[in-house]
Amino acid sequence: MAEVVLVHSFRGGTGKSNTTANLATAIARMGKRVAVVDTDIQSPGIHVLFGMEQVNPQTTLNQYLWGNCPLEQVAHDVSPDVVKQSGGQVFLVPSSSDAGDITRILHEGYDVRLLRKGFANLIKALNLDYIFVDTHPGLNEETLLCIAVANILVVILRPDRQDFQGTAVMVDLAQKLKVPKILMVVNRVMQNSDPDMVRQQLQSKYEVPVVGVLPNCDEMMQLASSDVFSLCYPEHPLTQVYQRVAEHLMHSQVPQ
């Protein structure tokens, strides 16, 4: 059975979408079939990382949530060449960037419970090994229901006091929801910081495994979310950290 990996952060601006795209791609490069689902319906954007500057609103997650089509019908094959060469595949289910669609979602909301059924059908139709869910930051009803669907929750935070406080609340809620596996990734850490010390401090604070400490780097800033970082900089130290986190995820599979 495929793993559903939810990537979430308490605040925006943590690099959640970039982390999701890089982890999904790293696992796909190991020969796995991976789907990325953008449930950040209020402010979608991960499609840009996969080269989809324009998304047809009729081929998005919104259409599934409104009952217009099955989820697999709006899954786009965005596999980079290096992924195809390794026998893997990446599919993307984007959310609509159309202003009218976003306004409708904000006004009407949506039934997150449909995602559980949709994920099951998507896994079967595309023979998936993993689904990565890129969420809207913060805590609301939709987020809590999404967390409840996940096998693995990856919490992204920055070394920032506001992030620390909000993340504590989020981890506590995830534990109460009995998420089978909770992992943590710290992003945008100063390059002169000691990664092991950062890891130890946060593991002690949250009692959750910290599986990645991602250094802040100029190359990521220069890329400006125009591509998947690990594909552009395959030998970069940051790419190596993404690879280690991806390998950890593959060894963190939850018994079905």
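Can you tell me which of (1) under 27 Å from A224 (Cα atoms); (2) crowded, with 24+ Cβ neighbours inside 10 Å; (3) touching a helix residue (DSSP H, G or I) at 6+ places or on another chain (Cβ under 7 Å) is the one R11 doesn't meet?
If we test R11 against (1) under 27 Å from A224 (Cα atoms); (2) crowded, with 24+ Cβ neighbours inside 10 Å; (3) touching a helix residue (DSSP H, G or I) at 6+ places or on another chain (Cβ under 7 Å), just (2) comes out false.
How many residues are touching a residue at least 40 places away in the same chain (Cβ under 8 Å) and among the small types (G, A, S) when one looks only at the range 101-117?
Counting residues in the range 101-117 that are touching a residue at least 40 places away in the same chain (Cβ under 8 Å) and among the small types (G, A, S) gives 0.
In the range 99-143, which residue that is modelled with pLDDT of 95 or more and not in a helix (DSSP H, G or I) is surrounded by the fewest Cβ atoms within 10 Å (Cβ to Cβ)?
Only one residue fits best here, namely N127.
Which residues, taken from the range 14-54, are aliphatic (A, V, I, L, M), outside any helix (DSSP H, G or I) and closer than 21 Å to L153 by Cβ? Spell out how you get there, then give the answer.
So the first thing to find is which residues in the range 14-54 are aliphatic (A, V, I, L, M), and the list is 21, 23-24, 26-28, 30, 34-37, 41, 46, 48-49, 52.
Then drop every residue that is not outside any helix (DSSP H, G or I), which leaves 30, 34-37, 41, 52.
Within the range 14-54, V34, A35, V36, V37, I41 meet the criteria.
Any residue that is surrounded by 22 or more Cβ atoms within 10 Å (Cβ to Cβ) and among the acidic types (D, E) - is there at least one of those in the range 68-84?
no
Please list, ordered by first then second residue, the pairs with beta carbon atoms under 7 Å, 6 or more apart or interchain, first in the range 6-25 and within 18 Å of G51 (Cα to Cα), second of a type in the set (S, T, N, Q) and in a loop (DSSP other than H, G, I, E, B).
From the range 6-25, the pairs are K16/S9; N18/S225.
Of (1) over 20 Å from the mean Cα position of the chain (by Cα); (2) surrounded by fewer than 18 Cβ atoms within 10 Å (Cβ to Cβ), C232 satisfies all except one. Which?
It is condition (1) that C232 fails.
Suppose we keep only residues that are β-branched (V, I, T) and in contact with a Ser or Thr (Cβ under 6 Å, 6 or more places away or on another chain) within the range 26-46. Which one would you say is farthest from A75 (Cα to Cα)?
I41
Suppose we filter the range 176-208 for residues that are of a type in the set (S, T, N, Q), touching a strand residue (DSSP E or B) at 6+ places or on another chain (Cβ under 7 Å) and surrounded by 13 or more Cβ atoms within 10 Å (Cβ to Cβ); how many remain? Full working, then the answer.
First pass over the range 176-208, keeping only residues of a type in the set (S, T, N, Q): 187, 191-193, 200-201, 203-204.
The next check asks that each one be touching a strand residue (DSSP E or B) at 6+ places or on another chain (Cβ under 7 Å); those that pass are 187, 191, 203.
Next, only the ones that are surrounded by 13 or more Cβ atoms within 10 Å (Cβ to Cβ) stay: 187, 203.
Matching residues across the range 176-208 total 2.
Going through the range 213-225 one residue at a time, which ones are surrounded by 12 or more Cβ atoms within 10 Å (Cβ to Cβ) and in a loop (DSSP other than H, G, I, E, B)?
N216, C217, S225
Here are some conditions: (1) within 30 Å of L214 (Cα to Cα); (2) surrounded by 19 or more Cβ atoms within 10 Å (Cβ to Cβ). L173 meets all but one. Which one does it not meet?
Status for L173: all satisfied but (2).
Using the structure shown, decide if L183 is at pLDDT 95 or above and not in a strand (DSSP E or B).
no
The values are calculated or read from the model by the stated rules, or taken from the named source; none is laboratory data. Given the structure is predicted, the values throughout are model-derived calculations rather than measurements. Cβ: placed from backbone, ideal geometry, glycine included. Neighbour counts: every protein chain shown.
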